[in-house]
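Below is one structure, written out as structure tokens; the observations come after it.
The values are calculated or read from the model by the stated rules, or taken from the named source; none is laboratory data. Worth saying up front: this structure is predicted, and the values here are computed from it rather than measured. When we count neighbours, we look across all protein chains shown, and the Cβ atoms used for this are built from the backbone with ideal geometry, even at glycine. In case anyone asks, the SASA skips ligands and DNA or RNA and just uses the protein heavy atoms, side chains included. Shrake-Rupley method; radii C 1.70, N 1.55, O 1.52, S 1.80 Å.
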Amino acid sequence: MSNYDSNPFAAEDDVNPFANPGSVPPAKSKLSPLPPEPYGRGSATVDISLDTAKDIEAKEKALQAREAELKRREQELKRKEDAIARAGIVIEEKNWPPFLPLIHHDIANEIPLHLQRVQYVAFTTWLGLVICLLWNIVAVTVAWIKGDGVTNWFLAIIYFISGVPASYVMWYRPLYRASRTDSALKFGMFFLSYGVHIAFCVFAAVAPPIVFKGKSLTGILPALEVLIDNTLVGIFYFIGFGFFCIESLLSLWVIQEVYMYFRGSGKAAAMKREAMMAAL
């Protein structure tokens with residue numbers, strides 16, 4: 001029991017923290033205070049925050065003013081568009097052909113469904129006239145190369161330059177607008193101009209020897225004449241004759257269909273009334 005006389009949990013030396021204050025380190029060290037912040041720096045921070053708030057408020061007012069101006073312009077534009085629509089004026093944007101827009105053309109969205117078929121065929125006849133006059137230039141050019149005079153070639157050029165835009169302005173555009181707006185007067189303008197177009201196609205298909213012996217047009221009579229002298233030129237003229245025949249037949253179908261719609265929908269009486277009002 002002698003080995004266990006001493007108490008292992010008893011402190012060997014009594015340490016009195018108050019006996020020697022200099023030998024015991026303090027439990028907590030006191031931190032030195034921060035130096036006082038200058039007065040001017042704190043006031044600058046307050047000034048920056050106030051300026052930022054004022055800038056934000058000014059920007060909000062500017063945005064509100066801009067929104068109000070845009071809304072005013074939008075309302076003004078809408079009023080103008082409504083006035084144009086009430087006046088019957090349609091703004092036509094050139095969109096055809098797609099690679100080089102020259103005319104406005106949108107049958108699928110602007111022409112009523114029951115008139116779209118006739119309008120498409122009428123557009124085909126206008127393109128057909130362009131092809132006929134272009135081929136006419138080719139055939140007359142071949143005839144000129146083979147020894148024919150240059151006068152017929154100049155006439156063929158004149159037919160193309162004057163015929164293509166004149167046909168569009170005189171009868172295709174009136175038909176397009178008549179189908180879109182259902183105007184009786186525009187239908188009447190189409191009938192007059194399209195009748196001249198059909199007469200020209202029939203004349204070109206025959207090409208009687210009236211103007212410069214008829215060789216400026218690729219009709220059946222000059223085709224038979226040049227075939228005797230030169231087979232190649234005769235073939236070109238016969239192809240042109242076929243083009244003018246197809247163009248004449250399609251044009252007759254178009255004017256018949258438009259006339260049937262014109263009479264069936266009562267547009268004849270409406271055209272008379274509109275003509276009387278215009279005269280008055």
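Considering each of Ile103, Ile107, Ile48 in turn, give the residue that is of a type in the set (Val, Ile, Thr) and modelled with pLDDT under 85.
On inspection, the qualifying residue turns out to be Ile48.
Filter the range 237-262 down to the residues that are more than 30 Å from Val226 (Cβ to Cβ) and open to solvent by 70 Å² or more (accessible area, probe 1.4 Å) and list them by number.
Listed by number, the residues that qualify are Trp253, Gln256, Tyr259, Met260.
Counting only residues that are surrounded by fewer than 17 Cβ atoms within 10 Å (Cβ to Cβ) and not in a helix (DSSP H, G or I), which one in the range 115-174 is farthest from the chain's Cα centre (by Cα)?
Per the criteria, the residue is Gly147.
Here is a check on your reading of the model: is Ala207 over 13 Å from Val258 (Cβ atoms) and touching a Pro at 6+ places or on another chain (Cβ under 7 Å)?
yes
Using the structure shown, decide if Leu185 is without any contact (Cβ under 8 Å) to a residue 60 or more places away in the chain and in a helix (DSSP H, G or I).
Considered against the rule, which asks whether it is without any contact (Cβ under 8 Å) to a residue 60 or more places away in the chain and in a helix (DSSP H, G or I), Leu185 comes out as no.
Could you list, in sequence order, all residues of the range 174-214 that are more than 30 Å from Ala139 (Cβ to Cβ) and touching an Asp or Glu at 6+ places or on another chain (Cβ under 6 Å)?
Passing the criteria: Arg180, Ala184, Leu185.
Based on this model, can you work out whether Ile220 counts as among the hydrophobic types (A, V, I, L, M, F, W, C) and open to solvent by less than 60 Å² (accessible area, probe 1.4 Å)?
Here the answer is yes, as Ile220 does meet what is asked.
Restricting the first residue to the range 227-250 and requiring it to be farther than 28 Å from Thr124 by Cβ, which pairs with a second residue that is outside any helix (DSSP H, G or I) and open to solvent by 50 Å² or more (accessible area, probe 1.4 Å) meet a Cβ separation below 7 Å and a spacing of at least six or different chains?
So the pair list comes out as Asn230/Lys146; Val233/Lys146.
With respect to Phe212, determine if the residue is modelled with pLDDT under 95 and surrounded by fewer than 19 Cβ atoms within 10 Å (Cβ to Cβ).
It is true that Phe212 is modelled with pLDDT under 95 and surrounded by fewer than 19 Cβ atoms within 10 Å (Cβ to Cβ).
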